[in-house]
Amino acid sequence: MDEKMSHGIEWILSFFRNAKILAGMAGADLEEAEGGMQDILHALEFEEWPYHDQAKLAKELKRTRRARRKAKNDLEVLGLITEWATANDKAIKSLEKLLGQVRRTEKLQKNRTYNRRTDAIQRALGEEIERRTQ
């Protein structure tokens with residue numbers, strides 16, 4: 001197998017770390033969208049706007065609500081993932097330990113050499129083997 005096994009473990013750990021980061025970003029996006037919605041709604045409620053400006057505000061409200069929905073959907077899924085990761089912290093720590101062990105083993109395998117135990121090759125090939133090793 002050409003690909004290192006450690007890459008799969010790295011991907012899993014990265015997935016859980018990134019889920020926490022993305023959940024924070026989705027929360028910030030949600031707050032931003034809710035604030036934008038309130039700004040637009042209050043502007044429409046308390047100020048007089050020409051017809052075309054009202055249409056522009058309505059389009060922006062639609063865009064903002066879609067952004068809010070996306071942030072809420074993302075946060076809902078990412079919340080489940082981060083809750084699982086938090087509740088299973090021992091499993092995550094165990095994966096981190098496993099990653100270290102696998103990396104060490106891969107490094108040893110990459111630098112593996114063989115030391116001959118007998119002179120069987122020397123006996124079979126005689127002088128030929130001596131010329132090859134020089």
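At-a-glance table
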{"read-out": "Residue match in the stretch 55-73 (condition: modelled with pLDDT of 95 or more and within 30 Å of HIS7 (Cβ to Cβ))", "value": "yes"}
{"read-out": "Residue match in the stretch 80-89 (condition: of a type in the set (S, T, N, Q), more than 30 Å from ALA33 (Cβ to Cβ) and either exposed (fewer than 13 other Cβ atoms within 10 Å of the Cβ) or modelled with pLDDT of 90 or more (or both))", "value": "yes"}
{"read-out": "The stretch 37-48, residues that are more than 16 Å from ARG68 (Cβ to Cβ) and either surrounded by 13 or more Cβ atoms within 10 Å (Cβ to Cβ) or in contact with a helix residue (DSSP H, G or I) (Cβ under 6 Å, 6 or more places away or on another chain) (or both)", "value": "ALA43, LEU44"}
{"read-out": "Members of the stretch 16-36 that are charged (D, E, K, R) and either in contact with a His (Cβ under 8 Å, 6 or more places away or on another chain) or closer than 10 Å to LEU75 by Cβ (or both)", "value": "ASP29"}
{"read-out": "Filter result for the condition that a residue is modelled with pLDDT of 95 or more, more than 30 Å from PHE16 (Cα to Cα) and among the charged types (D, E, K, R), over GLU76, GLU47", "value": "GLU47"}
{"read-out": "Residue in the stretch 1-16 that is among the basic types (Lys, Arg) and over 30 Å from LEU108 (Cα atoms) present", "value": "no"}
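The values are calculated or read from the model by the stated rules, or taken from the named source; none is laboratory data. Please read these numbers as outputs of a predicted model, since none were measured by experiment. All Cβ positions, even for glycine, are placed from backbone atoms using ideal geometry, and neighbour counts span all protein chains on display.
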